[in-house]
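The structure under discussion appears below in the form of structure tokens.
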Amino acid sequence: MAFVLATAALPPSIAALLAPIELRTIAGTTDRQAFLAAVRGASALMTMVTDRVDDEVLDAAGPGLRIVANVAVGYDNLDVAAIRRRGIVATNTPDVLTGAVAEFTWGMILAVTRRLGEAERLVRAGGWKGWGFDFLTGTELAGKQLGIIGAGRIGRDVARRASAFDVRVVFGGRRPGPDVDGHPVRSIDEVLQTSDIVSLHVPLRDDTRHLIDARAIGLMKPTAFLINTARGAVVDEAALADALEARRIAGAALDVFEREPVVHPTLLTLENVVLLPHLGSATVETRTAMAELAAKNVKAVLDGRAPLTPL
Ligand code: DGY
């Protein structure tokens, strides 16, 4: 009997969308053996960013598996080559989360430049002794330069919101090229050297792993801030922790980490870094839209139609 396996409890609309195909759920896949056992016989998998889907999983699923629908835009957790080799379709969920991640990026920018996390911790710890003229002063955004590395959907949506803060945008790419949405595109090194805030919006691939390493951080202004909502391993976390501790850059806001949910121990001790538990797309509206898009991909493939958002 065909069934779809989802590795998170999804909104009620999803079972309805997939019907009459059965939706089975296992909550969380930190237990690899449980995951391998649960995939057996599945026709489709609805996977989360935390699920590594490789030959082992595909073998365990067996020959009936037709689609791996990742409920995420990023798909570095999928061995896409292995999936394709078996003639299985792989899909992701682009577009539907763009706005949520862009909004969240601005929240992170404000949190780190205006020291919101540090201030909130102080109030909760009973450390607020009253208003002070130079107490917890931050950095203003107006007139500053935001360097956006990666001019894809999310990077461009972050840029679109910049005029609300009177912030100038420069995109960073492998090669300088024509303007994107009216903003210049410069080399990544130039963007690192000239920006007051650098925000990362690239997928994790071999060529972006540790894109921001000690050398890259060394190019940044001592007053600059680094924002990462992309993938943890785009940044060399140990090098960043060193730089933040030595105040070689002013601060960072991180929503993603190299070994989630483990955070580099030095980062946990520092006030000039905002640490968030991978929440970029975490709104009810967006998570529902992501699950629905993934379910529509599953339904299409199991019905013999083309998926909406194939990889
Ligand atoms: C994505 O869609 O890639 C996000 O990281 C999931 O939260």
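The table for this structure:
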quantity: At least 30 Å along the helix axis (C-alpha) and Kyte average at least 0.0, DSSP helices within the chain; calculated: none
quantity: Label-point separation in nm, Arg32 to Ala2, each point 7 Å along Cα→Cβ; calculated: 3.1
quantity: Among Ala111, Ala125, Ala69, residue whose mean-square fluctuation peaks in a GNM of the chain (springs only between Cα atoms under 10 Å); calculated: Ala125
quantity: Estimated vicinal HN-Hα couplings, Hz - segment 180-188 in sequence order (Karplus 6.51, -1.76, 1.60; Gly, Pro = x); calculated: 10, 6, x, 10, x, 10, 10, 5, 4
quantity: Kirkwood Rh in Å, taken over all unlike Cα pairs in segment 98-275; calculated: 16.4
quantity: Mean projected area (nm²) of the alpha-carbon convex hull when segment 23-122 is viewed from all directions; calculated: 8.4
quantity: Amide proton proximity set for Ala253, modelled H, under 5 Å, gap of 5+; calculated: Leu226, Ile227, Asn228, Val274
quantity: The chain, helix-only ellipticity at 222 nm - DSSP H runs n ≥ 4, -39,500 (n - 2.57), divided by all residues, nearest 500; calculated: -9500 deg cm²/dmol
quantity: Fraction of accessible area attributable to carbon and sulfur, the chain (%, probe 1.4 Å); calculated: 55
quantity: Per residue accessible area of the chain, 1.4 Å probe, in Å²; calculated: 48
quantity: Reduced Cα scattering model of the chain, Debye log10 I(q)/I(0), q = 0.06, 0.10, 0.11, 0.13 Å⁻¹; calculated: -0.23, -0.62, -0.73, -0.95
quantity: Directionally averaged projected area (convex hull, Cα atoms, segment 47-186), nm²; calculated: 12.9
quantity: For segment 178-311: span of alpha carbons on each principal axis (Å, largest first); calculated: 57, 39, 27
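The values are calculated or read from the model by the stated rules, or taken from the named source; none is laboratory data. Keep in mind that this is a model prediction, so the values were computed, not measured. Every residue, glycine as well, gets a Cβ built from its backbone with ideal geometry; the counts of neighbours run over all protein chains shown. With ligands, DNA and RNA removed, areas are computed over all heavy atoms of the protein, side chains included. Shrake-Rupley method; radii C 1.70, N 1.55, O 1.52, S 1.80 Å.
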